[in-house]
Every structure is written in C-alpha cells, then in structure tokens.
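Worksheet for the structure shown next.
Every read-out reported here was derived from the displayed coordinates using simple, explicitly stated rules and does not represent laboratory data. This is a predicted model, so every value here is computed, not measured. Every residue, glycine as well, gets a Cβ built from its backbone with ideal geometry; the counts of neighbours run over all protein chains shown.
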Amino acid sequence: MDVIKFDERGLVPAIVQDVNTKKVLMLAYMNEESLRKTMETGTTWFYSRSRQELWNKGATSGHYQHVKSLSYDCDGDTLLVEVVQDGVACHTGNYSCFFNTLKERDDLDEINPDIITDLIGVIRHRHENPQEGSYTNFLFEKGLDKILKKVGEEASEVIIAAKNTDHDDLCGEISDLLYHTLVLMELKGVTLEDIKKVLTERHQ
C-alpha cells in the first residue's frame, strides 16, 4: 500500500478492465480503505467523490466486478483492476462506460471488434429493463419455448444457406443464430465467460 501515491484528497484513479476481452469498462477512484476492501473481498470498492462515501460496485444492481488482478503504473499514481464483470459496468445499460465516440477507428473498416460483448450487454439490459416494442423483450415475454423455437429455426436456415453459394446470406443467417443463442444464454444464466471456460478446457 505504501507504493501507491494517493493525491491530496487521498484518492487514486482506478481503471477497470475486462480480464478476458481487455475492454476498458470504467474509471473510478479509490482511497486507501476502498483499495483495502477491494483486495480483501475480491470485488471492487470505490470512493464516491460526490457522496463522499465508499461504494461496492454491484451492491445495488447485482453487477459485481470480480477482481482477477490489481496492478499500478510506473509512477504508482494509477491503478489497473482486471475483473470478470457480472452484467454490465455502466448504469446506462452499456457493457462499458466508454461507449461515446469522438473519433472512429479507421483501421477496422467500420467493424466493431467488441460487437458480441456489446450485444450481450444490450440483451441483458432489455431483460432487466423491458422496453416496449423491443423484439428482444418480445422473446423474453414469450419465454423459453419461443426462444428455443427461434434457435431451431435459425439453425435450419444456417444449414440451408450453407448449401447455397451466397456468402452474405450465410453470414446473415449465422448472425441471426448467434443473436438468438445469446438471448437463450441470458435467459438461462449462461455467460460468455462460461463458454470460454469450456472451450479453454477442451483445447488445453
């Protein structure tokens, strides 16, 4: 703890990053007590500058951050917290707080490298905060049988598209299957991390 340089208010900025995707989730501040509680409990604790009190991320929303590593920079005045995120990190329902763009990356041909993670966040937000007219909410309202029917239909359409020669059509059908599978995962409480764990164990 002595190596951390807290500012004149007794605070140090903490960058929170998804340990698997390396996506930056949020920036908050810790004081010595919240840093200690983070290390002791294994979930993130921060200090609210507006409320002037400690807060445990996820205590209200259930979107806890499970700490996997905690490091500091060369000057000792910034922390990097790598976590497994339950749900979404941002109160807006976005997976990351950094969803507003000032300048688009020009080296990705307009492809969002985090689209699956972002889509999972949107699906989870729709599940927890129903929105009228949302197709995702329609699926959740109809329940498991409807979602399973759609997964089956989309799987069949992938097979049919694969037999044809239209590359774009096949990509579209696979995308539809992936989306409905993600909805099923949300309904049944299966996370992307769960799938990654299984795949990692299978291919070690």
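In this structure, the amide hydrogen of Thr43, modeled 1.01 Å from its nitrogen in the peptide plane, lies closer than 5 angstrom to those of Val67, counting only residues at least 5 positions away or on a different chain.
Along the chain, the longest continuous region that contains none of the trypsin sites (Lys or Arg not before Pro) in a DSSP loop with at most 12 other C-beta atoms within 10 Å is 106-204. Here the chain carries DSSP beta bridges of which approximately 80% are antiparallel, counting only pairs with both residues inside. Sequence-ordered 3J(HN,Hα) estimates for the range 42-47 from the Karplus curve with 6.51, -1.76 and 1.60 and θ = phi - 60° stand at x, 10, 6, 10, 10, 10 Hz, glycine and proline given as x.
Cysteines in the chain lacking any other cysteine Cβ under 4.7 Å from their own Cβ: Cys74, Cys171. Excluding same-chain neighbours fewer than eight residues apart, the lysines reachable from Lys142 by a Cα-Cα span under 24 Å are Lys150, Lys188. The H on the amide N of Leu25, modeled in the peptide plane, is under 5 Å from the matching H of Val16, Gln17, Asp18, each at least 5 residues off or on a different chain.
Do the alpha carbons of any pairs in Lys149/Lys196; Lys22/Lys197; Lys68/Lys196; Lys22/Lys68; Lys22/Lys196; Lys163/Lys196 sit beyond 18 Å of each other, and which pairs?
Beyond 18 Å: Lys149/Lys196; Lys163/Lys196.
Among the helices of the chain, those built from whole DSSP H runs whose Cα atoms reach 24 Å or more along their own axis and whose mean Kyte-Doolittle hydropathy is at least -0.5 are 144-163, 167-188. Between Asp77 and Lys5, the built amide H atoms are under 5 Å apart, and every one of these is 5 or more places off in sequence or on another chain.
Between Arg49 and Val3, the simple spin-label model (points 7 angstrom out along Cα→Cβ) gives 2.6 nm. Taking chymotrypsin sites (Phe, Trp or Tyr not before Pro) as exposed when their DSSP state is a loop state and no more than 14 other Cβ atoms lie within 10 Å, the longest site-free interval of the chain runs over 100-204.
Between the beta carbons of Ser156 and Leu184, assuming R0 = 22 Å, the FRET efficiency works out to 0.90 to the nearest 0.05.
Here the contact order of the chain, divided by its residue count and restricted to Cα pairs under 8 Å and six or more residues apart, works out to 14 percent. Computed from the Cβ-Cβ distance with R0 of 25 Å, the FRET efficiency linking Thr60 to Val84 stands at 0.85.
For the chain, what does the alpha-carbon gyration tensor say about shape, rounded, prolate or oblate, given a ≥ b ≥ c as the root eigenvalues, a/c under 1.5 as rounded, and a/b over b/c as prolate? Taking the square roots of the gyration eigenvalues as a ≥ b ≥ c, the chain is prolate.
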